[in-house]
Amino acid sequence: MKVEGKVLKFGDKIDTDIIIPARYLKYTDPEYLAQHAMEPLDPEFYKKARQGVILVAGKVFGMGSSREQAAIALKAAGVKAVIAESFARIFYRNAINNGLPAIVLPNATKEINEGDYVVVDVETGEIVVNGSKVLKGKGLTGMPLEIVKSGGLIEYLKKAKV
């Protein structure tokens, strides 16, 4: 499974309150949440992400509360995958459960720049930057890969007839 797009880049310790501020959590519509994704750092994020982007970030992406809406908002905004140097465990699992690929790549913020075009092989973790530079991240395998390929945990379980 491959996803590709232009890079939007952020730094370290992007918490879930930055990804989707708490004041929007009373809403459940993914499209509404998407319009406010990353709003504290980039009020234009939604407009940029609508074209389909790959989000690149530093260490501990998604730290903070366990709000599932963070992954939902990013995916609904147009984020095709998140590449980060490390993830908060609960965000990582929420991303997988919502069908949003999460790829760990040490030094991601040093290797990939804002505006680069990347192709990500979700299974192998291979990331091709601007058609030439090849990086090796940690891909998804087993059940997490199958969940993402299905579009999320609910769709995976429907197919599995569990």
Of the criteria (1) β-branched (Val, Ile, Thr); (2) more than 21 Å from LYS6 (Cα to Cα); (3) under 12 Å from the mean Cα position of the chain (by Cα), which one ILE147 fails: (3)
In region 1-38, the residues that are under 12 Å from GLY62 (Cβ atoms), out of contact with any Lys or Arg (no Cβ under 7 Å at 6 or more places or on another chain) and assigned to a helix (DSSP H, G or I): ASP17, ILE18, ILE19
Residue within region 23-40 that is surrounded by fewer than 18 Cβ atoms within 10 Å (Cβ to Cβ), under 23 Å from LEU140 (Cβ atoms) and either at pLDDT below 95 or over 12 Å from the mean Cα position of the chain (by Cα) (or both) present: yes
Exclusive hit being of a type outside the set (A, V, I, L, M, F, W, C), buried (at least 19 other Cβ atoms within 10 Å of the Cβ) and at pLDDT 95 or above, set LYS80, LYS6, LYS2: LYS80
Index of the failed condition, GLY64 passing every other in (1) over 12 Å from the mean Cα position of the chain (by Cα); (2) small (Gly, Ala, Ser); (3) modelled with pLDDT of 95 or more: (3)
Every residue from region 93-104 that is buried (at least 20 other Cβ atoms within 10 Å of the Cβ) and either aliphatic (A, V, I, L, M) or assigned to a helix (DSSP H, G or I) (or both): ASN94, ALA95, ILE96, LEU100, ALA102, ILE103
Positions within region 105-162 being surrounded by 13 or more Cβ atoms within 10 Å (Cβ to Cβ) and of a type in the set (Gly, Ala, Ser), in sequence order: ALA108, GLY125, GLY137, GLY139, SER150, GLY151, GLY152
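The values are calculated or read from the model by the stated rules, or taken from the named source; none is laboratory data. This one's a predicted model, so the numbers in the text were calculated from it and none came from an experiment. Neighbour counts are summed over all protein chains in view; Cβ atoms, including those assigned to glycine, are modelled from backbone coordinates with ideal geometry.
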